[in-house]
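For reference, the structure is listed below as structure tokens.
The values are calculated or read from the model by the stated rules, or taken from the named source; none is laboratory data. Quick caveat: nothing in here was measured; it's all calculated off a predicted structure. Here Cβ is always computed from backbone atoms with ideal geometry, including for glycine, and neighbour counts include all displayed protein chains. Side chains are part of the model used for accessible areas, which takes the heavy atoms of the whole protein and leaves out ligands, DNA and RNA. Shrake-Rupley method; radii C 1.70, N 1.55, O 1.52, S 1.80 Å.
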Amino acid sequence: MTIAIYYFRNDLRLEDNPAFMLACKNVDFLLPIYIHEEKYEEETRWGFPRVDHRRKVFLQESLEDLRTRLRHLGSDLFELAGDFKETFTSLRIDFDVSQIYCEQIEAPEELEQVRVLKNIGFEVICTWQSSMLEPQSLPFQLEQMPDVFTQFRQQVEKQKLRFANPTEAPTKIPLLSMGTEAINQASYLETQFDMKSFLGGESRALLHIEQYFDKRLPDTYKQTRNQLIGMDYSSKFSPWLALGCCSARSIAKKLTEYELQYGANDGTYWLWFELLWRDYFRFLHFKYGNQLYRSKGLSAESNNSFIEAKFNQWISGTTGEPLIDAGMRELLQTGYLSNRMRQIVASYWIYNMKGDWQAGAAWFESQLVDYDVYSNQGNWLYIAGKGTDPRGGRPMNLAKQTSDHDPDGIYRKTWLS
Ligand code: FAD
């Protein structure tokens, strides 16, 4: 009789979850676990919570949805809280379990978690599953991937790679092991479910994707994607993608079916192109790993120093620059910001306020409901000129951005009044 833990990470779904499927296939008893690691409850070195309230609410909703789905198939989800090593050591002893299945995450802290699990004595079976393309299908080894996005994209396009096929959800899940009634589950969050646009969970993700395609929004994506106000100007897939409530492959498959039904156009291509950016930042992690997390990134240039008073102005939207203040207040009040505004406020922080890009990235991590380690790190490095961008940084002209993207001032009025 084999027993294993399934350790849910950023893959809070049952559809297209090959790591979970593999566990279902291989073991007799399976213990699905989510851990709220106590270090994410701590403050950053810049003095604000590492994960703020909105992200926690979205996570909690996603976990509850996952639990419901697991229960429908006779299983369950156990939420634990505390120190990572201690928690897994207890599980190892209490359940005499030595195998863990999980998704592979190629970021430093997540790689460290796997090292800790191995040191405790677990065999850890990790499956890569968070990209749209299969790494093995690429025409180059990841360690040798082109640094420049355009070259990466051209090589992918030359091979006509679009996405890897998603897998179905399991129809049967191995039984829980004996003794699970003794697991002391975490009461993690006294949830205050406030009014907000994004509700966590796989069920919501699937509904949202369905509606997005039904409304034929991909057709106008290229024209609208740089707008600042509303739900429909961009896909808003990102919060669900970030926690893995849906997979990029499922979205890409839908997009391809949509093109077959209605025809491909520059909107559908552009949506795929943006999802390819997401893959690109993931794959860069295989090549550069920890180097992406140094304050100088891949460059030789040192970071700006941190000045608290300036930082407080930036995060609270009180810099005196109306477009920046509007953007930072939107982020604070909703946990979301359009791609265009993310670029504008990040550029302003780095180049106009001479701010520390890592503090800026950490603020986004704290606030964004769609926080994704690869995309956040990759985009911040890119704008700061410390990644792979051949142009070496993206300072933006605020006056031009304002007249291009908020000519009538409606966005500023919305968030400043
Ligand atoms: P759409 O415009 O509809 O794009 C579709 C999907 O493509 C997105 O859901 C996303 O998965 C992907 N995508 C689009 N643009 C990018 C991009 N530039 N980089 C990587 N993937 C992209 N995205 C995150 O998901 N999490 C983050 O933590 C994050 N941090 C960012 C920080 C900065 C400084 C910047 C400039 C961008 C960041 N992005 C991040 C990328 C991008 O802004 C968001 O993915 C996008 O705004 C999410 O909205 P959407 O789903 O409507 O995107």
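What order, most packed first, do the peptides 7-19, 174-186 have when packing is the mean number of other Cβ atoms within 10 Å of each residue? If you can, show how the numbers build up before the last one.
Values: 7-19: 22.7, 174-186: 14.0.
Ranked by mean Cβ neighbours within 10 Å, highest first: 7-19, 174-186.
Calculate, for segment 299-416, the solvent-accessible area per residue in square angstrom, rolling a 1.4 angstrom probe over the heavy atoms of the protein chains. Write down the numbers at each step before the final one.
Details: 4600 Å² over 118 residues.
Averaged over the residues of segment 299-416, the accessible area is 39 Å².
Please report the antiparallel percentage of DSSP beta bridges with both residues in the chain, rounded to the nearest 5. Mind showing how you got there, number by number?
Values: 1 of 21 bridges.
Around 5 percent antiparallel, to the nearest 5.
Which value does Rg/Rh take for segment 299-416 over its C-alpha atoms, Rh per Kirkwood? Each step should come with its number before you reach the end.
Details: Rg = 13.5 Å, Rh = 14.3 Å.
Expressed as Rg/Rh, it is 0.94.
What does the charge add up to near residue 258, with Lys and Arg as +1, Asp and Glu as -1, over the other residues with Cβ less than 12 Å from its Cβ? List each step's numbers first, then the result.
Working: positive: 215, 216, 253, 254; negative: 210, 214, 219, 257, 259.
Its environment carries a net charge of -1.
Tell me, Kirkwood radius of segment 3-129 from alpha-carbon pair distances, in Å? Kindly include the intermediate steps, with their values, before the conclusion.
Details: mean 1/r = 0.0653 Å⁻¹.
After inverting the pairwise mean of 1/r, the radius is 15.3 Å.
About the Cα centre of segment 299-416, what is the dipole size in debye to 20, counting +1 per Lys and Arg Cβ and -1 per Asp and Glu Cβ, all else neutral? Numbers along the way, then the final one.
Details: 11 positive and 13 negative charges, 46 e Å.
Using Cβ point charges on Lys, Arg, Asp and Glu, segment 299-416 gives about 220 debye.
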request  = Please state the charge dipole magnitude for segment 188-300, taken about the Cα centre, from unit charges on C-beta atoms (+1 on K and R, -1 on D and E), reported in debye and rounded to the nearest 20.
outcome  = 500 debye
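Highest first, please rank the peptides 111-120, 281-290 by the mean number of other Cβ atoms sitting within 10 Å of their residues. Don't skip to the end; give the middle numbers.
Working: 111-120: 15.2, 281-290: 19.2.
Ranked by mean Cβ neighbours within 10 Å, highest first: 281-290, 111-120.
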query = Can you tell which of 401, 275, 177 lies farthest toward the positive end of the dipole of the chain, using +1 and -1 charges on the Cβ of basic and acidic side chains (Lys, Arg; Asp, Glu)?
reply = 401
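What does the charge dipole of the chain about its Cα centre add up to, to the nearest 20 debye, if the Cβ of each Lys and Arg holds +1 and the Cβ of each Asp and Glu holds -1?
Dipole of the chain, to the nearest 20 debye: 1180 debye.
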inquiry  = So if each residue of separation counts as 0.36 nm, and I subtract the Cα-Cα distance between residue 159 and residue 296, what length gain in nm does that give?
reply    = 45.9 nm
note = Ranking 129, 73, 98 by how far each Cα lies towards the positive end of the charge dipole of segment 1-149 (+1 on Lys and Arg Cβ, -1 on Asp and Glu Cβ), the top one is 73
query = Given a 1.4 Å probe, how much area per residue of segment 124-260 is accessible, in Å²?
reply = 52 Å²
remark   = So, relative contact order of segment 15-108 in percent, Cα under 8 Å, 6 or more apart, is 37 percent
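Could you tell me which of rounded, prolate or oblate describes segment 230-330, using a ≥ b ≥ c as the square roots of the eigenvalues of the alpha-carbon gyration tensor, with rounded for a/c under 1.5 and, failing that, prolate when a/b is larger than b/c and oblate otherwise?
oblate
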remark   = segment 100-125 and segment 297-351 have their Cα centres apart by a whole-number Å value of 33 Å
inquiry  = Could you order the peptides 238-246, 66-74, 35-43 from most to least packed, using the average number of other C-beta atoms within 10 Å per residue?
reply    = 238-246, 66-74, 35-43
remark   = Sorted list, accessible surface of protein heavy atoms, 1.4 Å probe, largest first, for 305, 247 is 305, 247
Carbon and sulfur %, accessible surface of the chain computed with the full protein complex present, 1.4 Å = 48 percent
Semi-axis lengths (Å, descending) of the ellipsoid that matches the C-alpha gyration tensor of the chain = 35, 25, 22
query = Which value, in Å² and to the nearest 10, is the accessible area of residue 52 when all protein chains are kept and the probe is 1.4 Å?
reply = 50 Å²
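Can you put 273, 237 in order of accessible area, largest first, using a 1.4 Å probe? Don't jump to the answer; show the numbers that get you there.
On the way: 273 30, 237 5 Å².
Ranked from most to least accessible, the order is 273, 237.
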request  = Give the distance, in whole Å, between the Cα centre of segment 238-281 and the Cα centre of segment 20-89.
outcome  = 26 Å
note = With Cα coordinates, the longest principal axis of the chain makes an angle with the long axis of helix 248-262, in degrees rounded to 10, of 70 degrees
query = Roughly what angle does helix 373-384 make with the longest principal axis of the chain, taking Cα atoms, 0 to 90 degrees, to the nearest 10?
reply = 20 degrees
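Using only helices, what value at 222 nm comes out for the chain when you add -39,500 (n - 2.57) per DSSP H run of length 4 or more and divide by the total residues, to the nearest 500 deg cm²/dmol? Display every interim value, and only then the final one.
Numbers: 17 runs with 192 residues, N = 417.
About -14000 deg cm²/dmol.
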inquiry  = Just want the answer: with Cβ charges of +1 for Lys and Arg and -1 for Asp and Glu, which residue in 417, 3, 352 is farthest toward the dipole's positive end in the chain?
reply    = 352
remark   = With every protein chain in place, the accessible area of residue 293 for a 1.4 Å probe, in Å² rounded to the nearest 10, comes to 60 Å²
inquiry  = Using a Förster radius of 25 Å, what is the FRET efficiency between residue 26 and residue 184 based on their Cβ-Cβ separation? Nearest 0.05, please.
reply    = 0.35
message = Given the whole protein assembly as supplied and a 1.4 Å probe, what does the accessible area of residue 149 come to in Å², nearest 10?
response = 10 Å²
request  = Give, as ranges by residue number, the residues of segment 359-386 whose backbone N falls under 11 Å from the point 7 Å along Cα→Cβ of residue 48.
outcome  = 359-368
